Amino acid sequence: MGRILALDYGQKRTGVAVTDELRIIASGLTTLATKDIIPFLTQYLKDEMVDVLVVGEPKQMNNQPSESEVYIKPFLTKLFEAFPDVKIERQDERFTSKIAFQSMLDSGLKKKQRRNKGLIDEISATLILQDYLKRL
């Protein structure tokens, strides 16, 4: 059984989280410039067994797709083309950025560290992955 990898896609940065081999624990992996995500995933999938890629699905409160979904659709097409043998799933990502920021506050990170948007993206990817695991 391979790992599950989650992506919090953004136009500039993409947060990445991954499970352990038993698919029990979701951990933040990294945040990358979005333009670098396909090469990163290509190398990562060579080194690690990954069965599922989970991509955050931004929704509005009325359950309609968020405006940012327009940017995610072409990215999903690239993922399907680059990794045809890997299952790609979506996971609702409502409030993950707010929860990520709140968890940074709660953990006592200093103001300078809380400004690190890459860290917020990585924590958001971890939250997306945790929610996906709960859904399973």
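The values are calculated or read from the model by the stated rules, or taken from the named source; none is laboratory data. All figures in this text were calculated on a predicted structure; none of them were measured in a lab. With ideal geometry, Cβ positions are generated from the backbone for all residues, glycine too; neighbour counts draw on all protein chains shown.
What to note about this one:
- Residue within segment 105-126 that is under 24 Å from I24 (Cβ atoms), assigned to a helix (DSSP H, G or I), modelled with pLDDT under 95 and more than 15 Å from the chain's Cα centre (by Cα) present: yes
- A residue that is among the β-branched types (V, I, T), surrounded by fewer than 17 Cβ atoms within 10 Å (Cβ to Cβ) and out of contact with any Cys (no Cβ under 7 Å at 6 or more places or on another chain) occurs nowhere in segment 4-19.
- Any chance T30 is surrounded by fewer than 21 Cβ atoms within 10 Å (Cβ to Cβ) and outside any helix (DSSP H, G or I): yes
- Residue match in segment 59-70 (condition: part of a strand (DSSP E or B), in contact with a Lys or Arg (Cβ under 9 Å, 6 or more places away or on another chain), under 17 Å from S124 (Cα atoms) and acidic (D, E)): no
- Residue check for E81: over 25 Å from L119 (Cβ atoms) and free of Cβ contacts under 8 Å to residues at least 40 places away in the same chain: yes
- Top-ranked residue of segment 33-62 - restricted to ones that are farther than 22 Å from L136 by Cα and basic (K, R), ranked as surrounded by the most Cβ atoms within 10 Å (Cβ to Cβ): K35
- The number of residues in segment 52-65 being within 16 Å of the chain's Cα centre (by Cα) and modelled with pLDDT under 95 comes to 4.
- Which numbered condition V52 misses (of (1) part of a helix (DSSP H, G or I); (2) among the β-branched types (V, I, T); (3) out of contact with any helix residue (DSSP H, G or I) (no Cβ under 7 Å at 6 or more places or on another chain)): (1)
- Here A17 meets each of (1) modelled with pLDDT under 95; (2) under 13 Å from I123 (Cα atoms); (3) touching a Ser or Thr at 6+ places or on another chain (Cβ under 6 Å) with one exception, condition (1).
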